[in-house]
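**Student:** My questions will all concern the structure given below.
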Amino acid sequence: MKIVFVGPTVPDARERAGVAFAVRPPAMQGDILRAVRAGATIIGLVDGNFEHVAPVWHKEILFALSQGVRVFGAASMGALRAAECAAFGMVGIGEIYRQYAAGELADDSDVALLHAPTELGYAPLTVPLVNVRATLARLRHAGSIKSADAARIEAAAGRIFYKRRTWAAIVAEADLRADGDRAALAARLQQEIVDQKRADALALFDAVRAQPDERRRERPGWAFNSTSMWKVLLNQPET
C-alpha cells in the first residue's frame, strides 16, 4: 500500500493520484506510525500540520525505514524531514529539498503558507517564501524584472509573517526605487508565479508511482532503539 500525505501543496492530489496511491491529509505526529502499522510499503510526505498539533516526529520516520518502508519527502514539511533524515535513508525530491539539504534554506517558515480548510479545497491565501524566490528568479532570468528590484521584493517578503505574505503586502513593503503602479506589479507577480512547491510534490508523486509496492527486504545499517517517549506514542489509541 502506497500512501502520500498531502494537502494545500497539491489540492487536486486525489485526481492526480488515481489508483496509484492513497492520499491522506497533511500528517501530524503519529500518522507515519499508523501508516506503517496499517501495512504501508511506500510513504510520501509532502504536507504536515505543525501549528496546533505536534508535527511529524523524526522517530516515526526512522521506525518506518527500519521496517523496510521506503519514505520520500518533498516540497514542504516533507522536504524538511527528508533533509533531516537523509542520512538514515529517507529520500528527498525536488529543488526545495535540495536547498534545505545544501543549507541554502534553514527556516521552517520558508515553506509555510496560510490556506483555506479542506472543505474549500485548501485554496492558498498567502504565498510561501520558496515560491516568491522561484518566481523572482525566473523573472530575473527572463529579463522582465531588474535584479535590484527583485532583491528588494525578496527582502520584503522575508520580513512579512507567512500568514500575511500576499503579493500585495510584499510589493507594498518593498523599498522599490521607481514608485510605479504597485497594484499592477502585484497582479503580474501573481499571474506569473512559479509554484515550486507543487512542482516538487508532483515529482514525488512520480517517484512513488515508480516504486514497487513492497517493503525492502534488507534492513538499514543502523539500529532503531525504543525510548520512553516512543513507548508513549506506541500506546496512544488508534484514531
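**Student:** (1) open to solvent by 50 Å² or more (accessible area, probe 1.4 Å); (2) within 15 Å of the chain's Cα centre (by Cα); (3) more than 19 Å from Ala199 (Cα to Cα); (4) modelled with pLDDT under 95: which one isn't true of Pro25, the others all being true?
**Tutor:** It fails just one condition, (3).
**Student:** For Gly180, all conditions in the list (1) closer than 23 Å to Trp57 by Cα; (2) more than 25 Å from the chain's Cα centre (by Cα) hold save one; what is the number of the exception?
**Tutor:** So the condition that Gly180 fails would be (1).
**Student:** Counting residues that are touching a residue at least 60 places away in the same chain (Cβ under 8 Å), which strands (runs of 3 or more DSSP E) fully inside segment 1-46 reach at least 1? Full working, then the answer.
**Tutor:** Numbers: elements: 2-5, 22-24, 42-45.
In segment 1-46, 2-5, 42-45 are the strands (runs of 3 or more DSSP E) which contain 1 or more residues that are touching a residue at least 60 places away in the same chain (Cβ under 8 Å).
**Student:** Can you find a residue that is farther than 16 Å from Phe224 by Cβ, free of Cβ contacts under 8 Å to residues at least 40 places away in the same chain and either touching a strand residue (DSSP E or B) at 6+ places or on another chain (Cβ under 8 Å) or surrounded by 17 or more Cβ atoms within 10 Å (Cβ to Cβ) (or both) anywhere in segment 58-80? So that I can check it myself, show each step before the final result.
**Tutor:** Keep residues of segment 58-80 that are farther than 16 Å from Phe224 by Cβ, which gives 72-80.
With the extra rule that they be free of Cβ contacts under 8 Å to residues at least 40 places away in the same chain, the set shrinks to 80.
From the residues that got through so far, the ones that are either touching a strand residue (DSSP E or B) at 6+ places or on another chain (Cβ under 8 Å) or surrounded by 17 or more Cβ atoms within 10 Å (Cβ to Cβ) (or both) too are 80.
Within segment 58-80, one or more residues are farther than 16 Å from Phe224 by Cβ, free of Cβ contacts under 8 Å to residues at least 40 places away in the same chain and either touching a strand residue (DSSP E or B) at 6+ places or on another chain (Cβ under 8 Å) or surrounded by 17 or more Cβ atoms within 10 Å (Cβ to Cβ) (or both).
**Student:** Related question: I'm told Ala102 meets every condition in (1) open to solvent by 40 Å² or more (accessible area, probe 1.4 Å); (2) closer than 16 Å to Ala207 by Cα; (3) of a type in the set (Gly, Ala, Ser) except one. Can you identify the failing condition by its number?
**Tutor:** In the conditions (1) open to solvent by 40 Å² or more (accessible area, probe 1.4 Å); (2) closer than 16 Å to Ala207 by Cα; (3) of a type in the set (Gly, Ala, Ser), Ala102 misses (2) alone.
The values are calculated or read from the model by the stated rules, or taken from the named source; none is laboratory data. In this text the structure is predicted, and so the values were computed from the model without any measurement. Neighbour counts run over all protein chains shown; Cβ positions are idealised from the backbone, glycine included. Ligands, DNA and RNA are excluded from the accessible area calculation, which covers all protein heavy atoms including side chains. Shrake-Rupley method; radii C 1.70, N 1.55, O 1.52, S 1.80 Å.
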